Amino acid sequence: MEGKPSSSGAPGAKLPRAFYARDTRDVARELIGKLLVHVEGGVRRVARIVETEAYHGPDDRASHARFGPTRRAAIMFGPPGVAYVYLIYGTSHCMNVVTGAEGFPSAVLLRAAEPVEGCLHSTRGPGNLCRALGIRRQHDNGRDLTGDDLFVEDAPPPGPILSGRRVNVDYAGPWSEKPWRYALAGSPWVSGPRVAGRTKPRRR
DNA sequence: CCAAGGATTGGC
DNA sequence: CCAATCCTTGGA
């Protein structure tokens, strides 16, 4: 799970599994600007991703995988290119894309997007984004993102990308300080606190 | 089995 | 600031 170009090909093309089968943080950064598509009952709902967070590896104390492959988190240990959707606080659904090599628990939380087509609600915030696109745990958890119902389309490169601490993971101690939140600079659709700084050109 | 708490949101 | 609301997890 290394290297690989930033975009897989032509805008409008569905991202292939190989896109997801790389380092979580690279996938999180490169998902910015791409189009999340949910098709249900012939209705197409689309939003442009503007904010993500990486949850990376078995030692990441902020990750749902921190307790190992439990019933909920097992999907993070599975093959990449699959949706991980869970219910938080009994009120909001959150969608991730599973990344990295099978057996290495990692995923990218989709935190916010810009509405493009058919959105039912605000797409600002992870719970709102799912609600806007009709994505929910019982319906979409475990869904293969190379299928025709829920996937991400390639798109032209976005503007500058910022990175900073992840949101609401203070319980994770030092891991809460990892700069694994990514956002499109200047987008009014980015949720939560302001993102700290610009991403460094090539280092991590 | 039970208690605790959460990768959030919206209202006061 | 705080409660909603239910699923997940760890511990007794």
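Quick look at the values:
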item	result
Spin-label pair residue A:122/residue A:153, simplified geometry with 7 Å Cα→Cβ offset, distance in nm	2.6
Ascending count of other beta-carbon atoms within 10 Å, so fewest first, for A:77, A:67	A:67, A:77
Two-site label geometry, residue A:194 and residue A:177: point separation in nm, points 7 Å out along Cα→Cβ	2.1
Segment A:83-132 - percent relative contact order, Cα under 8 Å, separation 6 or more	29
Percent RCO, i.e. relative contact order, over chain A, from Cα pairs under 8 Å lying at least 6 residues apart	26
Computed log₁₀ I(q)/I(0) - Debye formula, equal Cα scatterers, no solvent, chain A, q 0.15 Å⁻¹	-0.86
Loop-resident sites, segment A:82-131, for chymotrypsin sites (Phe, Trp or Tyr not before Pro), counting at most 10 other Cβ within 10 Å (DSSP)	A:89
Rounded Å value of the spacing that divides the Cα centres of segment A:98-160 and segment A:25-61	4
Inter-site label distance for residue A:86 and residue A:13 at 7 Å from Cα along Cβ, in nm	3.3
Relative contact order %, segment A:1-91, counting alpha carbon pairs below 8 Å whose residues are six or more apart	21
Ellipticity estimate at 222 nm from DSSP helix runs (n ≥ 4, -39,500 (n - 2.57)) divided over chain A, nearest 500	-2500 deg cm²/dmol
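Values in this text are rule-based calculations from the coordinates and carry no lab data. Everything quoted here is computed from the prediction, not taken from an experiment. Ideal geometry is used to build each Cβ from the backbone, glycine not excepted, and the neighbour counts take in all protein chains shown.
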